[in-house]
Amino acid sequence: MKCPECHCDLPSRKCPECDESIPVFGKFCCYCGSAIPDSASKEDEEGAMDFSSRILCSDGNCIGVINEQGVCSECGKPYTGEAE
């Protein structure tokens, strides 16, 4: 599932009723309107974001994180390993 604003991948899971991809923390399916039981969120936790392994931008003024290409997702600067 993609963010409609920035087009980044969002953590998602499948609706148990219509099998569409929906946000992980949603209480209702945005396609069919079905209530999503709490047990469904526990079954699909592997799709949730793991914030413990993120690498913050080395520019001290930026709020971005380093992506798979080794550059900041916000400012585009390459990761230097040291905060400025």
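The values are calculated or read from the model by the stated rules, or taken from the named source; none is laboratory data. Quick caveat, the model's predicted, so the values are computed rather than measured. Glycine gets a Cβ as well: all are built from the backbone with ideal geometry, and neighbour counts include every protein chain shown.
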Can you name the residue in segment 1-40 that is among the β-branched types (Val, Ile, Thr) and closer than 30 Å to Ser73 by Cα and, of all such residues, is modelled with the highest pLDDT?
Ile22
I'd like to check something: does segment 61-84 contain any residue that is surrounded by 13 or more Cβ atoms within 10 Å (Cβ to Cβ) and at pLDDT below 85?
no
